[in-house]
Amino acid sequence: MGEGHLAVGGTTARDQDAWICFADEAGQSLRPLKARTWSRRGCTPIVTVSGKGSGRVNLAGLICCKPGQRTRLIYRMMIYRRRKYERKGFNETDYARLLGAAHQQLGGPIVLIWDNVNIHVDALMRSLIDTRAWLTVVHLPAYAPELNPMEMVWSHLKGGLGNLAPCTLDDLAAIIRSRLKQLQYRPGLLNAFLAHTGLIMNPRST
């Protein structure tokens, strides 16, 4: 990838005419992140919240890039309300659906790049990947979040949530959805997140 293309099993994303998609997950509870703000001198602003035990908004997303195409952001959201028998987060089937939707939206093969968390490498996930001829998976090195531009998406998103105090998970989800939708219309910013990794995405000239 540092040479301008991604080698996968003897082929390249360029050879497959594929989209390179970086995937990652994140979550946010009602307890807001700390951030700086303005106030009168000597009067520290205090926002009272009660986010303990309230659940969280789970997110899974993809930054998708391909030379000559607009960089895309595709995501899914799931609200966990801490109810009995409710799933705490995304499972293998959820990821398969997200990837299927991305394949349909992008209209071409996908080279998926993500980390080595258990759900990405377990037997069920591997079997789901094996049934999708249009999908090639590459795993990032261990402990290398700086190589995944989706980490920058989550950082940018959460930076904008600082000092907000939504009352309910639905309110929080609505804010997050709005912020992510805005990012979908800012391919220049998404490209900046890609550039921040230091990886070269353009194919080599021949």
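The values are calculated or read from the model by the stated rules, or taken from the named source; none is laboratory data. Owing to the predicted nature of the structure, the values given are computational and were not obtained by experimental measurement. Here Cβ is always computed from backbone atoms with ideal geometry, including for glycine, and neighbour counts include all displayed protein chains. Keep in mind that these areas ignore ligands, DNA and RNA; they rest on the heavy atoms of the full protein, side chains included. Shrake-Rupley method; radii C 1.70, N 1.55, O 1.52, S 1.80 Å.
Couple of notes before you dig in:
- Calculated FRET value between Ser39 and Val138, using beta carbons and R₀ = 35 Å, to 0.05: 0.15
- Shape summary of the range 88-134, radius of gyration then Dmax from alpha carbon positions: 10.7, 32 Å.
- Among the protein heavy atoms of the range 74-169, carbon and sulfur supply 53% of the accessible surface, probe 1.4 Å, non-protein parts ignored.
- Between Asn191 and Lys158, the C-beta separation translates, for a Förster distance of 25 Å, into a calculated FRET efficiency of about 0.80.
- Residues whose amide H comes within less than 5 Å of that of Val138, counting only those at least five positions distant or on another chain, are Leu112, Ile113, Trp114 (H built at 1.01 Å from N in the peptide plane).
- Cβ-Cβ FRET estimate between Asp130 and Asp17, R0 fixed at 22 Å, reported to 0.05: 0.55
- The range 58-166 - Debye-derived log10 I(q)/I(0), Cα point model, q = 0.10 Å⁻¹: -0.34
- Net charge over other residues, Cβ less than 9 angstrom from the Cβ of Pro145 (K, R count +1; D, E count -1): -4
- Residue by residue, the range 169-184 carries 3J(HN,Hα) couplings of 4, 5, 5, 4, 4, 5, 5, 4, 4, 5, 5, 5, 5, 4, 5, 4 Hz when phi is fed to the Karplus relation 6.51 cos²θ - 1.76 cosθ + 1.60 (θ = phi - 60°); x denotes Gly or Pro.
- Around the amide H of Trp19, modelled in the peptide plane, lie the amide H atoms of Ile110, Val111, all under 5 Å away and 5 or more residues distant in sequence or on another chain.
- Under the simplified labelling scheme, the Gln104-Gln184 pair shows an inter-label distance of 1.4 nm, with each label point 7 Å from Cα along Cα→Cβ.
- Remark on Ala165: its backbone amide H falls under 5 Å from none of the residues 5 or more positions apart or on other chains, H modelled at 1.01 Å from N.
- Average accessible area per residue (Å²) across the range 82-151 - probe 1.4 Å, nucleic acids and ligands excluded: 58
- Projected-area average for the range 118-160 over all orientations - Cα convex hull basis, square nanometres: 4.2
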